Every structure is written in C-alpha cells, then in structure tokens.
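Beneath this line is the structure, given in structure tokens, with notes to follow.
Quick note: the coordinates plus some simple rules give every number you see, no bench work behind them. Computed from a prediction, not measured in an experiment: that's the story for all the values here. Glycine gets a Cβ as well: all are built from the backbone with ideal geometry, and neighbour counts include every protein chain shown.
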Amino acid sequence: MALYVDGFVLPCPKKNLAAYRRLARMAGKIWREHGALDYKECVGDDLNHKGVVVGFPKLAGAKAGETVIFAFIVYKSRAHRDRVNKKVMKDPRVQAAPDPMPFDVKRMAFGGFKVFVDE
C-alpha cells in the first residue's frame, strides 16, 4: 500500500497547550471518523540541539514561551487524503473551530508527503 501523509509543524504558546490539546483531540476524532488511518499530534520535548542540525524551534520560528507541535495524518493514498479532507472540511464541527485558534495559523507549515520507506 502506498501510504500518504499530511504533515504539520507549528509553534504554539505553552500557555495555550491545554486548549490546543482539546482542539487536537476533536480534530483527530473527526479525521478518523471520515477515514484517516492514523492521526498524531506531538508536543516538543527534546528540542534544544546545538550543532549542524536545525532544531524544530528555529525551523518553526518559535519565540520565548512557545513550544513546537509536530503532527501528521496518515491516509491510504493522496486520492484517499483528498476524499477524506473534502468530508472533513464540510463537517460542522470543523466549521465551528475556535476563533482565535490557540496558535498562530499563519506560522503553521503544512505539506503532503508520499511514504517511500515504511519498515
């Protein structure tokens, strides 16, 4: 099976983590109900690395008082992703998302990825 993954990286104020977690739990339930194979939201834990690698805080532009969220949703294929996301975007629970969000949406990075190693 050629899996497909939507990936997200975003900075989130630490003071908003409880609100973000509530939102993420609801989103995970919605995506799974509409057919996503897996849904994960991960909060930064071991992020302060020095050296030749770029750490997630720098990559995400995290400011003082913020941490980084790394999230991904797994689908059967890109076509499956497109079908699931079409249903998700019509879901009334998504339409009722909080405003403002517990993070700055404009600073979120997103992309779709073909899985090419699945060991």
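Helix-only mean residue ellipticity at 222 nm, the chain, DSSP H runs n ≥ 4 weighted -39,500 (n - 2.57), per residue, nearest 500. What is it?
Calculated mean residue ellipticity at 222 nm is -9500 deg cm²/dmol.
For Lys29, go through the lysines and keep the ones whose alpha-carbon is under 28 Å away, minus same-chain ones fewer than eight residues off.
Of all the lysines, those that pass the test against Lys29 - Cα under 28 Å, at least 8 places apart if same chain - are Lys14, Lys15, Lys40, Lys76, Lys86, Lys87, Lys90, Lys106, Lys114.
Quick check: residue separation of Lys106 and Ala2 times 0.36 nm, minus the Cα distance between them. What number comes out in nm? Mind dumping the intermediate values first?
On the way: separation 104, 0.36 × 104 = 37.44 nm, distance 3.04 nm.
Taking Lys106 through Ala2 to full extension adds about 34.4 nm, to one decimal.
Sort Val43, Val117, Val68 so the one with the fewest other Cβ atoms within 10 Å of its own Cβ comes first.
So the residues, fewest neighbours to most, are Val117, Val43, Val68.
What dipole magnitude, in Debye to the nearest 20, does the stretch 4-114 give about its Cα centre under +1 on Lys/Arg Cβ and -1 on Asp/Glu Cβ?
With only Lys, Arg, Asp and Glu charged at Cβ, the dipole is about 240 debye.
Of Gly61, Asn48, Val84, which is farthest on the positive side of the dipole of the chain, counting Cα position, with +1 on Lys and Arg Cβ, -1 on Asp and Glu Cβ, and the Cα centre as origin?
Val84
If R0 is 41 Å, what FRET efficiency do you get for Arg21 and Val52 from their C-beta distance, rounded to 0.05?
0.80
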